[in-house]
Every structure is written in C-alpha cells, then in structure tokens.
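The structure appears right after this line, and notes come after that.
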Amino acid sequence: MSRSALVGNVTAMLRDAGFLVSDRCAIRPKSFDVAARRGEDTVLVKILGNIDAFDARTGAEMRRLGEYLQATPIVVGLRTRDEDLKPGVVYFRHGVPVLSPDTAMDLFVEEVPPLIYAAPGGLYVNIDSEILEDAREDMDWSLGRLANELGVSRRTVSKYEDGMNASVEVATQLEELFDAPLTAPVDVFDGVDEVRDSEPMPDDPEVDPDEEPVIAVLTRVGFDVHPTERAPFRTVSEDEHRQSRMLTGHSTFTEAAEKRARIMSSVGRVTGTTSIYVVDRANQESVDGTALIERDEIENVRDVEDLKDLIKERADTGEHPA
C-alpha cells in the first residue's frame with residue numbers, strides 16, 4: 001500500500017469514528033499528518049508505512065506539540081524492518097505510541113483499547129494489582145506460594161501487587177491460575193506515560209533569528225512562546241493563564257505561505273487555537289480564518305487585548321482584498 005493511500009485510509013477511519021479531522025499537512029518538513037478531535041480527545045497523527053522512518057527529532061517535536069496543544073501524539077504504521085506490527089499491541093518510538101491500522105481501528109472505531117504494549121525485552125500487559133491481590137487472598141495463597149507457581153521470586157510477586165506490569169506469559173499464567181481477567185487496557189490517551197520510554201520532555205528548539213522580532217512582541221504582551229521546527233506553524237503561544245493558545249507563522253506572503261495559513265486554520269479548528277500569519281505586506285485580511293497581520297502592525301501591538309481585537313477583526317472580515 002502506498003503511503004498516500006494509507007494516509008487516506010487512516011483519515012477516513014478517523015472520520016468514520018466521529019473525529020473532526022484537519023486538512024492533511026502536505027508540507028515539508030512535517031511532524032504530523034493530521035490533527036483530529038472527538039469530544040475531549042485530541043490526537044496528532046503521523047502515518048507511515050515503515051515506522052523505522054520515524055526519527056528522534058520528529059518524535060521530540062510531536063511530544064512537544066502534544067504538550068502545547070493538549071493532544072496525544074500517535075504514529076500509525078504498517079511495519080518495522082521486515083515485520084508487520086502486531087494487532088492489539090502498542091509500540092513506542094521516541095516516547096510516542098505507535099499503532100497498526102488494525103489496532104487504531106479497534107481503538108477509534110470499536111472503542112476497544114489494546115491490552116499489550118511492546119517494551120525492551122518483549123510484550124507486556126498492565127496487571128490490575130488490586131484484583132490480583134484480592135484473587136490471591138481469596139485462594140488463601142501466600143506470596144511465596146504464588147511465586148512458586150509462577151517460577152519467580154516472592155519479591156517479584158510483591159511488585160506485581162504494587163503495580164508493576166508483567167510479561168504476556170506471566171499474565172496468561174496468572175489468569176489461568178485464578179480463572180479471572182487480571183489485565184487492564186493500555187490507556188493510549190491518558191495512560192501512556194506509565195509505559196512510554198523513560199525519556200524527559202524534549203526542550204524547545206533554538207529560535208530561528210528570523211522569528212525573534214515576532215516572538216519578542218508576543219512575549220512582551222504576555223504570551224509564553226514555544227518555537228517549532230517541523231510543523232506548519234512557527235510557534236505555539238499560550239497566554240499567562242494557559243487558557244488561550246495561538247499558532248503563528250511568518251514569511252513573505254507567497255502561494256506557499258497561503259497554503260500554510262490554510263493548514264494552520266484547519267489545525268486550529270481541531271485543536272481550539274487561533275492562528276495568525278505575519279507578513280511584510282498583505283492584500284487580504286485573512287486566509288480561511290488565519291488572520292494576516294503585517295509586520296509593522298504587530299510591532300505596534302500594545303497588549304494582549306489589542307492583539308486579540310486585531311485577530312478578531314481580521315478573522316471576522318474574511319478573505320476580502322484590503
């Protein structure tokens with residue numbers, strides 16, 4: 001299957017599952033292909049035939065964007081090396097969960113989360129520690145008795161009851177011994193921090209010198225500004241209360257800039273962010289909801305309310321020539 005067809009299939013699957021899906025980010029370099037939202041769940045999705053093409057730099061960018069936009073970064077892929085990704089298993093690359101299309105279908109359409117995740121050393125599951133402890137005590141088994149049955153140490157059994165996850169083989173043994181389901185699903189949206197690679201949140205990239213004047217204005221009026229390096233926008237900004245977020249772009253207003261501005265609008269509708277594009281000269285007020293602001297105008301902005309009024313005026317005006 002070509003990557004283009006795979007992107008189309010995954011996008012259609014998300015829409016069938018009731019997600020609002022952004023336009024495809026058909027620009028390079030790019031850290032994600034589409035943004036999608038259903039209810040309170042927002043995802044940034046990278047779609048690849050071979051997940052080995054997913055590098056650390058892209059993973060770092062996706063994790064940062066997920067933090068700024070309150071979204072879960074996810075990769076959907078077909079294979080790694082010469083092996084297809086297993087259905088029902090969550091993999092991790094550079095701290096980002098990776099799903100096969102079948103696993104994504106189960107999660108998003110059927111709303112059946114995966115039970116297994118891959119980590120160094122094999123495949124693992126989440127053990128419901130309270131159910132395990134209750135089952136052992138109901139059988140009147142000591143920690144030592146259960147350890148002998150499993151062929152592990154008493155300390156290991158104690159760790160299972162304290163919340164340590166187990167290999168698929170051990171989980172299967174436990175469920176056979178107690179004739180009860182003991183595993184808990186992997187919460188891809190909220191629980192992946194418990195099983196993701198133990199990597200700290202990546203730092204923001206260095207600021208592009210061309211962006212410094214715009215970032216200086218946004219910082220001066222009270223925004224916390226995060227530069228990006230592989231997104232259709234140059235920065236993500238948050239107000240001091242972290243209740244309002246804004247995407248910004250900056251370049252000469254060309255056909256490529258207009259394309260980026262449209263993608264920013266589409267991503268903004270999904271993630272609940274406003275968007276502005278700073279240009280030297282503009283012959284229209286906005287692009288599909290992304291406000292076009294000339295450099296001289298933004299340098300004269302006095303405070304955050306001044307900027308918000310300018311954005312509202314431009315976005316409400318539409319794409320009429322100035």
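Does segment 1-11 contain at least one residue that is open to solvent by 50 Å² or more (accessible area, probe 1.4 Å), touching a residue at least 12 places away in the same chain (Cβ under 8 Å), hydrophobic (A, V, I, L, M, F, W, C) and part of a loop (DSSP other than H, G, I, E, B)? Yes - at least one qualifying residue is present in segment 1-11. Taking first residues from segment 148-159 that are within 14 Å of Gln173 (Cα to Cα) and partners that are open to solvent by 60 Å² or more (accessible area, probe 1.4 Å), the Cβ contacts under 8 Å between residues at least 6 apart in sequence or on separate chains come to Glu149/Gln173; Leu150/Gln173.
When Phe108 is tested against (1) hydrophobic (A, V, I, L, M, F, W, C); (2) open to solvent by 20 Å² or more (accessible area, probe 1.4 Å); (3) modelled with pLDDT of 90 or more, just one condition goes unmet, and that condition is (2).
For segment 124-151, how many residues are in contact with a Ser or Thr (Cβ under 8 Å, 6 or more places away or on another chain), surrounded by fewer than 18 Cβ atoms within 10 Å (Cβ to Cβ) and within 23 Å of Asp187 (Cα to Cα)? Total meeting the criteria: 1. For segment 31-54, the criterion of being in a helix (DSSP H, G or I), under 17 Å from the mean Cα position of the chain (by Cα) and either charged (D, E, K, R) or over 25 Å from Asp288 (Cβ atoms) (or both) is met by at least one residue.
Please find, within segment 43-65, the residue that is modelled with the lowest pLDDT out of those that are under 16 Å from Val188 (Cβ atoms) and open to solvent by 10 Å² or more (accessible area, probe 1.4 Å). Looking at residues that are under 16 Å from Val188 (Cβ atoms) and open to solvent by 10 Å² or more (accessible area, probe 1.4 Å), I get Arg63. Here Val217 meets the list (1) touching a helix residue (DSSP H, G or I) at 6+ places or on another chain (Cβ under 7 Å); (2) closer than 30 Å to Val45 by Cβ; (3) open to solvent by less than 50 Å² (accessible area, probe 1.4 Å) almost entirely, failing just condition (2). From the list Thr80, Thr72, Thr103, the one residue that fits, being of a type in the set (Ser, Thr, Tyr) and crowded, with 23+ Cβ neighbours inside 10 Å, is Thr103. Counting the residues of segment 173-207 that are of a type outside the set (Asp, Glu), in a helix (DSSP H, G or I) and modelled with pLDDT of 85 or more gives 4. In summary, strands (runs of 3 or more DSSP E) completely within segment 208-322 and bearing 1 or more residues that are more than 23 Å from Ala35 (Cα to Cα) occur at 274-279, 290-294.
Going by what's in this entry, would Arg93 be described as in contact with a Phe, Trp or Tyr (Cβ under 7 Å, 6 or more places away or on another chain), open to solvent by 50 Å² or more (accessible area, probe 1.4 Å) and under 26 Å from Glu206 (Cα atoms)? Don't jump to the end; show me each part of the working.
On the way: in contact with a Phe, Trp or Tyr (Cβ under 7 Å, 6 or more places away or on another chain): yes; open to solvent by 50 Å² or more (accessible area, probe 1.4 Å): yes; under 26 Å from Glu206 (Cα atoms): yes.
It is true that Arg93 is in contact with a Phe, Trp or Tyr (Cβ under 7 Å, 6 or more places away or on another chain), open to solvent by 50 Å² or more (accessible area, probe 1.4 Å) and under 26 Å from Glu206 (Cα atoms).
Residues that are surrounded by fewer than 16 Cβ atoms within 10 Å (Cβ to Cβ) and either touching a residue at least 24 places away in the same chain (Cβ under 8 Å) or within 14 Å of Ile74 (Cα to Cα) (or both) within segment 27-37 comprise Ile27, Pro29, listed in sequence order.
Scan segment 209-237 for residues that are in contact (Cβ under 8 Å) with a residue 12 or more places away in the chain and among the basic types (Lys, Arg) and the total you get is 2.
The values are calculated or read from the model by the stated rules, or taken from the named source; none is laboratory data. Just so it is clear, the structure is predicted and the values come from calculations on it, not from any experiment. Neighbour counts run over all protein chains shown; Cβ positions are idealised from the backbone, glycine included. For accessibility, only protein heavy atoms count, side chains too; no ligands or nucleic acids. Shrake-Rupley method; radii C 1.70, N 1.55, O 1.52, S 1.80 Å.
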